[in-house]
1. Out of the stretch 23-119, which GluC sites (Glu not before Pro) are coil in DSSP terms and have no more than 11 other C-beta atoms within 10 Å?
2. Tell me, what is the 1.4 Å probe accessible area of ASP23, in Å² to the nearest 10?
3. With every protein chain present, what accessible area does LYS45 have (1.4 Å probe, heavy atoms only), rounded to the nearest 10 Å²?
4. Could you report the stretch 51-119's accessible area per residue, 1.4 Å probe, as an integer in Å²?
5. Ordering GLU57, GLU22 by how much accessible area each has at a 1.4 Å probe, largest first, what is the list?
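The values are calculated or read from the model by the stated rules, or taken from the named source; none is laboratory data. Computed from a prediction, not measured in an experiment: that's the story for all the values here. Every residue, glycine among them, receives a Cβ derived from its backbone with ideal geometry; neighbour counts consider all protein chains shown. Side chains included, ligands, DNA and RNA excluded: accessible areas come from the protein's heavy atoms. Shrake-Rupley method; radii C 1.70, N 1.55, O 1.52, S 1.80 Å.
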Amino acid sequence: MGLFGFGKKKPQASEGFSFTIEDVFAMRAGGCVVVGQVAGGEVRKGASVTCIPARGEPFSCVVQEIEQPHPEKRGEFVHPDRASASGPWEAHYSLLIPGRNKTDFHPGDLLSAIEGALD
């Protein structure tokens, strides 16, 4: 049982999750990285979130990977399973978003929990 992952609950952002985008980088292999601060709630790797752009229509995306500076070793990074407003470094994180272009995101845009798909 569990060989194919049937019945597994897909991770979702917690109620109240809010992430303000401060910068965006394109990845050579595709997708992009958004850098910013979690203002509320938390998100786990693999969770679906909604991007609420300052201009344009909201769209869904998935947080594939989370990165943050190592809390004790300068110049090194850690890859936690979740990003939260109570995290170290004033809750600043980098989130890898596959299947999207750098031009889809802009500083000031928000990532938020998808309504109705909460833990």
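1. Details: sites: GLU42, GLU65, GLU67, GLU72, GLU76, GLU90, GLU115; in loops: GLU72, GLU76, GLU115.
Answer in residue order: GLU72, GLU76, GLU115.
2. Approximately 70 Å² of ASP23 is accessible to the 1.4 Å probe.
3. Counting only protein heavy atoms, the figure is 70 Å².
4. Values: 4400 Å² over 69 residues.
I get 64 Å² per residue for the stretch 51-119.
5. Details: GLU57 150, GLU22 85 Å².
Ranked from most to least accessible, the order is GLU57, GLU22.
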